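Below: one structure, written as structure tokens.
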Amino acid sequence: MSYLKAYVISQGSGDPENIFYLPYHFLPNYFLPNRSRKSVFADGDLAFSKAICEMENSFERISKAMGILGAEYKGEVRKGEHSWKFYVLPKIPVQVIYYEADDEFPCDIKVKFDGGAGRFFDFETLAFLYGVSFMSW
């Protein structure tokens, strides 16, 4: 519950930007290994994505999970790419993108925070919020 306290006492203000970024975009370059853009969430993202994608009817399952979370289905953005948006906390929307498997690439899932989330939380709190919200599936 400490992230709720951090959110409530945050000096952050303003409305969501509705521009979504992968979690590592909140980190300054000097925090990233070898100044690369590799996500510090990469292992967690991979495990999360792989676990869901290995299930039968993975699209139906993630659709159901997104519905339980109250996510709004944004539709098939591109062929095989489905998007949902929901609020983890007020003013902190999250976008979940599901990529169907095809002949060239396996199924994948990406979780992106709104660009304004960094005004309310530091990196560690966002990482915790990400873990609580998605890694517990």
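Points worth noting:
- Within the stretch 122-134, one or more residues are within 25 Å of Cys53 (Cβ to Cβ), loosely packed, with under 14 Cβ neighbours inside 10 Å and not β-branched (Val, Ile, Thr).
- In the stretch 58-68, the condition of being within 28 Å of Ser2 (Cβ to Cβ) and of a type in the set (Asp, Glu) is met by no residue.
- Answer from Lys74, Lys85, Lys112, Lys79 - the residue that is under 21 Å from Pro16 (Cβ atoms) and exposed (fewer than 14 other Cβ atoms within 10 Å of the Cβ): Lys74
- Pair list, Cβ < 8 Å and 6+ apart or interchain, from the stretch 98-125 residues that are closer than 30 Å to Ser13 by Cβ to residues that are at pLDDT 85 or above and of a type in the set (Ser, Thr, Tyr): Lys110/Tyr99
The values are calculated or read from the model by the stated rules, or taken from the named source; none is laboratory data. Computed from a predicted structure; not experimentally measured. FYI the Cβ positions are ideal-geometry reconstructions off the backbone, even for glycines, and counts take in every protein chain you see.
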